[in-house]
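Below is one structure; the comments refer to it alone.
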Amino acid sequence: MKVLVLEAEPGAAEDSVAQLTASGHEVVRCHAAGEAAFPCVGIDSGGACPLDDGGVDVALTVRRHARSVPTPHEDGVACAIRNRVPLVVTGETSLNPYERLGAIVASEGDLENVLAEAVRDARPDHSEVALGALLASLRANDQPTATANARVWRARTGLHAVLEVAESVPQRVRDMAAVRVTSALRAYDRFAAQIDVSIEAV
C-alpha cells in the first residue's frame, strides 16, 4: 500500500511509520520530520504533493491527545478527503473531528489490517454516484432497474466499478451505462488516476 501518513503532533507517527515501512508499505508525508506545519512539501521548494499522482491508497493520521479540531500538522487530511482517499485515525481517537466525514478508527495493534480493509472496502459515496448514473441510464432506455447495483472501490491504479444489471439488458445499453457511470465518477472524483468499469448480468 501507499500510505499518506500525518500526525496531530510532531513525532506522533514515528512508531506507525516504522511499522508500515518494516512491513514493506510505501509511506509518503506532507511534512518532512522536524519541519514546521507550514509550508507542506507540495509548496516548499516546488516539491510535488504526495497526492498529485493519484497513487495514494489510504491516508492515516496519528493523534496523541484527544482533540475536537484538526491541528496544523494534519492539514493533509483535508487534502486527502478532498481527493476522495479513505482516511484512518489511530492513537487517541476520542473527539476526533473526522468521524462525521467517514474516517475509520484503528487501534495500534490492528493498524495494518484496518488500513487494508479501508482500501478494499467499497466506497459508499462513489458507489452511490455510480448506482445513480446506472439507474438513470437504464430508465432512459426502458430497461429493468430492480436488479441493478453498483460497487466501487479504490486501488493503486484508480477506481474500479462493478455494475450489475438484469440479464435481459442488451449489450448496447450496457455499454451506454458503462460510459455514463464512468463520466459520473470522473465528475465526482477528478483526482482518480483512472476509472475501470465492468458490467455483470445477474
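Before we move on, is E92 surrounded by fewer than 19 Cβ atoms within 10 Å (Cβ to Cβ) and modelled with pLDDT of 90 or more?
Yes: the conditions hold for E92.
Please determine, by comparing only the residues of the stretch 6-56 that are in contact with a Ser or Thr (Cβ under 8 Å, 6 or more places away or on another chain) and either not hydrophobic (A, V, I, L, M, F, W, C) or not assigned by TED's automatic domain parsing to the domain that holds V69 (or both), which one is nearest to A192 (Cα to Cα).
Across the stretch 6-56, the extreme among qualifying residues is E7.
Report whether or not D75 is loosely packed, with under 13 Cβ neighbours inside 10 Å, among the acidic types (D, E) and over 15 Å from the mean Cα position of the chain (by Cα).
In short, no.
If you take the residues in the stretch 174-202 that are assigned to a helix (DSSP H, G or I) and within 21 Å of the chain's Cα centre (by Cα), which one is farthest from G54 (Cα to Cα)?
Residues of the stretch 174-202 that are assigned to a helix (DSSP H, G or I), as a first pass: 174-188.
Of the ones still in play, those that are also within 21 Å of the chain's Cα centre (by Cα) are 181-188.
Numbers: V181: 20, T182: 17, S183: 18, A184: 18, L185: 15, R186: 13, A187: 15, Y188: 14 Å.
If we take residues in the stretch 174-202 being assigned to a helix (DSSP H, G or I) and within 21 Å of the chain's Cα centre (by Cα), then V181 is farthest from G54 (Cα to Cα).
Restricting to the stretch 117-143, what's the tally of residues that are modelled with pLDDT of 95 or more and in contact with a helix residue (DSSP H, G or I) (Cβ under 8 Å, 6 or more places away or on another chain)?
Counting residues in the stretch 117-143 that are modelled with pLDDT of 95 or more and in contact with a helix residue (DSSP H, G or I) (Cβ under 8 Å, 6 or more places away or on another chain) gives 10.
Quick one: in the stretch 108-121, which of the residues that are in contact (Cβ under 8 Å) with a residue 24 or more places away in the chain and surrounded by 15 or more Cβ atoms within 10 Å (Cβ to Cβ) is nearest to R180 (Cα to Cα)?
V119
Can you list the helices (runs of 4 or more DSSP H) lying wholly within the stretch 64-173 that have 2 or more residues being outside the structural domain of G11 (by TED's automatic domain parsing) and in contact with a Lys or Arg (Cβ under 6 Å, 6 or more places away or on another chain)?
Values: elements: 75-82, 111-120, 124-140.
The qualifying helices (runs of 4 or more DSSP H) are 124-140.
What is the number of the single condition among (1) under 25 Å from Y188 (Cβ atoms); (2) basic (K, R); (3) surrounded by 18 or more Cβ atoms within 10 Å (Cβ to Cβ) that R29 does not meet?
Among (1) under 25 Å from Y188 (Cβ atoms); (2) basic (K, R); (3) surrounded by 18 or more Cβ atoms within 10 Å (Cβ to Cβ), the lone unmet condition for R29 is (1).
Let's see how each residue does on (1) of a type in the set (D, E, K, R); (2) farther than 27 Å from L115 by Cβ; (3) surrounded by fewer than 16 Cβ atoms within 10 Å (Cβ to Cβ); (4) touching an Asp or Glu at 6+ places or on another chain (Cβ under 7 Å):
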site: S137; (1), (2), (3), (4): no, yes, no, no
site: A148; (1), (2), (3), (4): no, yes, no, yes
site: T157; (1), (2), (3), (4): no, no, yes, no
site: Q171; (1), (2), (3), (4): no, yes, yes, no
site: T182; (1), (2), (3), (4): no, yes, no, no
site: A192; (1), (2), (3), (4): no, no, no, no
site: S198; (1), (2), (3), (4): no, no, yes, no
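The values are calculated or read from the model by the stated rules, or taken from the named source; none is laboratory data. None of these values were measured; they are calculated from a predicted model. So basically every Cβ, Gly included, is an ideal-geometry build from the backbone, and we count neighbours across all protein chains shown.
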